[in-house]
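Report on one structure; see the data block that follows.
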Amino acid sequence: MISNENNAMNLGISTMLKKYRFAIGLALVIAAIYFTNRSVGTEAFDISVSNTKEMLSLLPPVFILVGLLDVWVPKETIIRYMGEDSGWKGILMALFLGSAAAGPLYVAFPITALLLRKRARLAYILFFLGVWSTTKLPILLYEISYMGLKFTAIHAAVGLPFFLLFSMMIEKVMPEDSRESLYRKAEMELP
């Protein structure tokens, strides 16, 4: 009986170590930097804590929003506007969702998981991520103020078609069973 409990506990610890290996590795790197150069190690630790606080302040509201969208927006609606046969509607919806966004790119990943779960077309999801990363409205305004309207217009005019082209190409070269596996995994990951 005790042996089974110990095995279960060891398996739980092993699973937890595997799950958090990146965070543990980062902590070890920061510790090594600290013991090599205290000022740089302290700064690295402070930056890591600051970034973690920022992330923890942004993600809970996003998860609440994603949960509400999951309940309120039927799968059929997402399929109609961003599904395989949505055509230009899907492209425009991905462009709107990505452009109207606020926050760093990691905020887009729960939304991406929701879109996968609701069976949005993979190319439109990838396009949404590209738009979010470079041409969302807050970034465009910042870019216009520092780089000028001409630079921003060229940047958007070149970037958006390439995002769309490459997202379509990625979808085309990705085998159907891999895409289906991605959709199934998204359905299993979210409650």
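Here are some notes:
- The mean accessible area for residues of the chain, using a 1.4 Å probe and ignoring ligands and nucleic acids, is 68 Å² per residue.
- Where trypsin sites (Lys or Arg not before Pro) fall in DSSP loop in the stretch 160-191, at most 15 other Cβ within 10 Å: none
- The stretch 67-139 versus the stretch 172-191: alpha-carbon centroid distance in Å: 16 Å
- Given +1 at the Cβ of Lys and Arg, -1 at the Cβ of Asp and Glu and no other charges, the dipole of the stretch 1-145 around its Cα centre is 300 debye to the nearest 20.
- Within the accessible area of the chain (1.4 Å probe), percent carbon and sulfur: 72 percent
- Crossing angle, helix 137-147 versus the chain [Cα axis fit, 0-90 degrees, rounded to tens]: 80 degrees
- Largest-first principal axis extents, alpha carbons of the stretch 32-175, Å: 57, 41, 31
- Cβ-defined net charge surrounding GLY83, 14 Å radius [Lys, Arg +1; Asp, Glu -1]: +4
- Counting charges near VAL73 (Lys, Arg +1; Asp, Glu -1) among other residues having Cβ under 14 Å from its Cβ returns a value of +3.
- For LYS19, the lysines whose Cα falls under 21 Å of its own Cα, not counting residues fewer than eight places away in the same chain, are LYS53, LYS185.
The values are calculated or read from the model by the stated rules, or taken from the named source; none is laboratory data. This one's a predicted model, so the numbers in the text were calculated from it and none came from an experiment. All Cβ positions, glycine included, derive from the backbone under ideal geometry; neighbour counts span all protein chains shown. For accessibility, only protein heavy atoms count, side chains too; no ligands or nucleic acids. Shrake-Rupley method; radii C 1.70, N 1.55, O 1.52, S 1.80 Å.
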